[in-house]
Structure formats: C-alpha cells, structure tokens
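Enquirer: Take a look at the following structure, please.
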Amino acid sequence: MGEVIVITSGKGGVGKTTTTANIGTGLAASGLKVVLVDTDIGLRNLDVVLGLENRIVYDIVDVTHGNCRLKQALIKDKRFEGLHLLPAAQTKDKTSVTPDQIRELCAQLKKEFDYVIIDCPAGIEQGFKNAIAGAEKAIVVTTPEVSAVRDADRIIGLLEAAELHNPKLIVNRLRPLMVKRGDMMSIDDIIDILAIDLLGVVPEDEMIVITTNKGEPAVLDNNSRAGQAYRNVARRITGEDVPLMDLEAETGLMYKLKKLIGFK
Amino acid sequence: MLDFLLRVFGKDNSSSKNVAKERLRLVLVHDRADMSPQLIEDLKEDLIKVISNYMEIDENALEVNLDSSNNTVALVANIPVLRMKRTSNRKEKIG
C-alpha cells in the first residue's frame, strides 16, 4: 500500500509544481513506483514541467466521469519506468471533480504505486479541498517572503482542521547570501513562525528555469544546487536521514576568489 | 557609512529581514485569531455548560467573540445573567 502526499502552499508561484515534479522524479529515479496527480484543473502545468505535454489523451476529469479507465489516463514517463502522470483537465474548472471522487481515486492509485503525489492548486477553495481529500500526509512549500509565509500559516491551519496533522515544510528559493546580509528571513526565522518540521531547503537556482524550459526536472541535473536539494528531500521522504546541504558552499564571490587563489 | 557597518556586523535591527519578521508576526496575530464558526459554537456550548452550574443565563443572547486589537487577541464574552444560584450544581461540590 502506497502513501498519498499532497504538495500545497496557499500562495501561487512559490514552486508547488516544480517541487512535485522534482520530488516525484527523484523518487522514481531511485526505483520507486510514483504517480503524480495534477489537481489544478483549468490551469494544468505539471505536464509541461515534466515534458509530457504532448502525450496527454485523457485527464483526471475523464477518469472521475468514467469516460476512460484509470490506466488509460496515466502517462508513462520516458525516462523512468516507475514515473507516471495523471494530468489535470485544461478546459474544465475546479468544480468538475469533488473531494469524494479524488478520495476514491487516491485509494485506487495507492494500491498500485509506492507514492501518490498530488500537486495542489493555489488558493483555499474547492481546488484545495479536492487536492487534500485523499491525502495522508502534506508538504507545505513556502518562500522566504512575508506573503508566502503568511499563506503557509493559513494553509497549515486548514490542514490541521482537515485532520492532516504534522505537515512538513519545504523552504524554496532561499538565497543564502541575502540571509547572511540580513535581507532575507532565515530557515530558523521561518520555522520559528510556522512551528512545523522542516523537510528541506531549496536554494534559488537558475538551473530551475533552464531545466523547466526543457521539460527535464532539475533533480536529474547533477550540477544543479536545487536539484541536489530535491534529491535530498526525496531521500528524506523514504525515511532516510539526510543532513541539510551546506547552502553557503560554492556561492559568493569570496568562495570563487578563494578557489581561484587556491585556498579551497 | 555607519549604517553599512552595522549591517555588515549584523547589529542593525532595521535590516529588512527583521522588518519582514515583525510585519509577519503582527499579521499572523490577526490571521490566527480567526477561529472557525464551528469552533466558536463549541466553545459557546462549553461555556454555557460551565456557567449554568452557577447562574441562569440567557443562552440566546450569549455573545462570544475574538477581539484583536493593539497586537493582542482577547476573548470577549457578553453573557446576560437571568438569576444567580445559591448553590452550585457541581457534582463534586463538597468533596
């Protein structure tokens, strides 16, 4: 029996879809059977982030409305045997599916897969309620900004009210140099405010833009710092104890200078 | 210049991170004071149960609200009393 994990944030644009794609790919890369479910009906994006947009035939609404069998709607990734996507519908809206239908869908999927990872839409309305309906665990993504942390706090309250206890936090797009300068909230500051467990810290990384352009998750790129962070997150999800990576390493002018002179 | 030095050595409380933290703290005091209506109803019921041991109250006129002002949150209850009781109804009252 697999595990159903929802990835949520409240605020849009903090990296839910990127996180879903990378965690899913990371888990599949270590040989696990993973299905990623895009519940952002009307604004589907997980397909393009994964580079699978040309292969969609059926979507989540087709499945819940019985237009096709679940198996028919699942898209197999070309890179990893175990990775699958259940895409959202693009021409419908959030009310085309109900929380009960998603709960039933998740129950079916977790019989087949080790991990069912649900990409939640932004907001706290129907789309959010759909996305969390079948989940057993929740991951909250935030960035070190007032607006994103505020929304994360609200989401944590709503998850608690929905009996999804102990959500885990991913802080995305952290800029270590700005933190050092005192111009960005640190991990400790954010944990202090939200009071939940930290699952991972993903540094700001241009590679995310580049890999997303190509439709290849950064987690596959050994040179990407964000990719490394996501590999660590994926390992932590499987229960491995992985220390936080040294965020200050290999960044900054001083390091480059030292490296140039030969101090490191 | 002094400003710059203070920031470099992390002694400056007005660094934008601290501003962010303080603003966030204030915003969350208000956000978190938003109790769900269901929870407020539950609280009302419990309050009525406890208070009814000591006095008769007008249950329909009972008002319970969370009031957030001045960066603090207070539970404000307005409970009209109809009649006092001479002895309490607590079962374990004598011990």
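The values are calculated or read from the model by the stated rules, or taken from the named source; none is laboratory data. Note that the structure is a prediction, hence the values are computed from the model and not measured. Here the Cβ is made from the backbone with ideal geometry for all residues, glycine too, and neighbour counts use every protein chain on show.
Enquirer: So in region A:150-190, with the set limited to residues that are farther than 24 Å from B:M35 by Cβ and in a loop (DSSP other than H, G, I, E, B), which one is farthest from the other protein chains (Cβ to nearest Cβ)?
Expert: Here the residue is A:R175.
Enquirer: Starting from region B:32-50, take each residue that is within 13 Å of chain A (Cβ to nearest Cβ) and closer than 24 Å to B:S69 by Cα and list its partners that are at pLDDT 90 or above and assigned to a helix (DSSP H, G or I), counting only C-beta distances under 7 angstrom and pairs at least six apart or across chains.
Expert: Note: pairs meeting the criteria are B:S36/A:A161.
Enquirer: Can you name every residue in region A:33-75 that is among the charged types (D, E, K, R) and not in a loop (DSSP other than H, G, I, E, B)? Walk me through how you get there before you give the answer.
Expert: Let us first name the residues in region A:33-75 that are among the charged types (D, E, K, R), namely A:33, A:38, A:40, A:44, A:47, A:53, A:55, A:59, A:62, A:69, A:71.
A:D38, A:D47, A:E53, A:R55, A:D62, A:K71 - these are the residues of region A:33-75 that are among the charged types (D, E, K, R) and not in a loop (DSSP other than H, G, I, E, B).
Enquirer: I've got another one for you. Can you find even one residue in region A:17-32 that is in a loop (DSSP other than H, G, I, E, B) and touching a Leu at 6+ places or on another chain (Cβ under 7 Å)? Even if it seems obvious, please write down each step before you answer.
Expert: Filtering region A:17-32 down to residues in a loop (DSSP other than H, G, I, E, B) leaves A:30-32.
Then keep just the ones that are touching a Leu at 6+ places or on another chain (Cβ under 7 Å); that gives none.
No, that holds for no residue.
Enquirer: OK, next. Can you tell me which residue is farthest from A:L159 (Cα to Cα) among those in region B:32-73 that are surrounded by 13 or more Cβ atoms within 10 Å (Cβ to Cβ) and among the small types (G, A, S)?
Expert: Filtering region B:32-73 for residues that are surrounded by 13 or more Cβ atoms within 10 Å (Cβ to Cβ) and among the small types (G, A, S), the one farthest from A:L159 (Cα to Cα) comes out as B:S52.
Enquirer: From (1) on the phi > 0 side of the Ramachandran plot; (2) charged (D, E, K, R); (3) free of Cβ contacts under 8 Å to residues at least 24 places away in the same chain, pick out the condition that doesn't hold for A:E206.
Expert: All conditions are met except number (1).
Enquirer: When the residues of region A:150-173 are filtered to those that are small (G, A, S) and more than 16 Å from the chain's Cα centre (by Cα), which remaining residue is surrounded by the fewest Cβ atoms within 10 Å (Cβ to Cβ)?
Expert: Of region A:150-173, the ones small (G, A, S) are A:152, A:157, A:161-162.
Still in the list and also more than 16 Å from the chain's Cα centre (by Cα): A:157, A:161-162.
On the way: A:G157: 15, A:A161: 11, A:A162: 15.
If we take residues in region A:150-173 being small (G, A, S) and more than 16 Å from the chain's Cα centre (by Cα), then A:A161 is surrounded by the fewest Cβ atoms within 10 Å (Cβ to Cβ).
Enquirer: Also, I was wondering about something else. Take region A:113-135 and flag every residue that is hydrophobic (A, V, I, L, M, F, W, C), outside any strand (DSSP E or B) and more than 14 Å from every other protein chain (Cβ to nearest Cβ).
Expert: Pass one, region A:113-135, residues hydrophobic (A, V, I, L, M, F, W, C): A:113, A:116-118, A:120, A:122, A:124, A:128, A:131-133, A:135.
If we keep only those that are outside any strand (DSSP E or B) too, we end up with A:113, A:120, A:122, A:124, A:128, A:131-133, A:135.
Listed by number, the residues that qualify are A:F113, A:C120, A:A122, A:F128, A:A131, A:I132, A:A133, A:A135.
Enquirer: Can I ask one more? Mind checking which residues of region A:195-213 are part of a helix (DSSP H, G or I) and buried (at least 22 other Cβ atoms within 10 Å of the Cβ)?
Expert: As a first pass, look at region A:195-213 and keep what is part of a helix (DSSP H, G or I): A:206-213.
Result: A:I208, A:T211.
Enquirer: Could you check how many residues of region A:136-149 are among the small types (G, A, S) and either away from chain B (no Cβ under 11 Å) or surrounded by 20 or more Cβ atoms within 10 Å (Cβ to Cβ) (or both)? Lay out the reasoning, then the answer.
Expert: Going residue by residue through region A:136-149, those that are among the small types (G, A, S) are A:138, A:147-148.
Applying the additional criterion that residues be either away from chain B (no Cβ under 11 Å) or surrounded by 20 or more Cβ atoms within 10 Å (Cβ to Cβ) (or both) yields A:138, A:148.
Total meeting the criteria: 2.
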